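Trainee: Mind having a look at this structure? Questions to follow.
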Amino acid sequence: MTQSGFSAVEQFESGSLPDNQLTFPEDDPAPTAPIEPEFESCCGSGCGDSCVFDIYYVLRAQYFADLTAWQARQAAQKEKPL
């Protein structure tokens, strides 16, 4: 996070951070998708927010957000002059 409270990617995408201030680590692996639980993993007791499927869907949404940010970093890295 930068001093403004937004990540460099968020600032870059909004146009408030110049290209020359956007830096990323050389080792930036893609995020790993969560593994969908088996149907039988649900106990069926109506446990609400702690159901294995609810947790999976939260993790899945976070994965897609992380993947989008990673893809933006990769595209920015490819456009960066050597």
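Every number here is computed from the coordinates shown, using simple stated rules; none is lab data. Only a predicted model underlies this, so the values are computations on that prediction, with no experimental measurement involved. Positions of Cβ are backbone-derived with ideal geometry, glycine not excepted, and every protein chain shown enters the neighbour counts.
Trainee: Starting from the Cα-Cα distance between residue 57 and residue 70, subtract it from 0.36 nm times their residue separation and give me the gain in nm to one decimal.
Mentor: 2.7 nm
Trainee: Given Cα pairs under 8 Å that are at least 6 residues apart, what percent is the relative contact order of region 27-79?
Mentor: After rounding, I find 44 percent.
Trainee: Using a basic spin-label model with each label point 7 Å from the Cα along Cα→Cβ, how many nm lie between residue 78 and residue 40?
Mentor: Result for the modelled spin labels: 4.3 nm.
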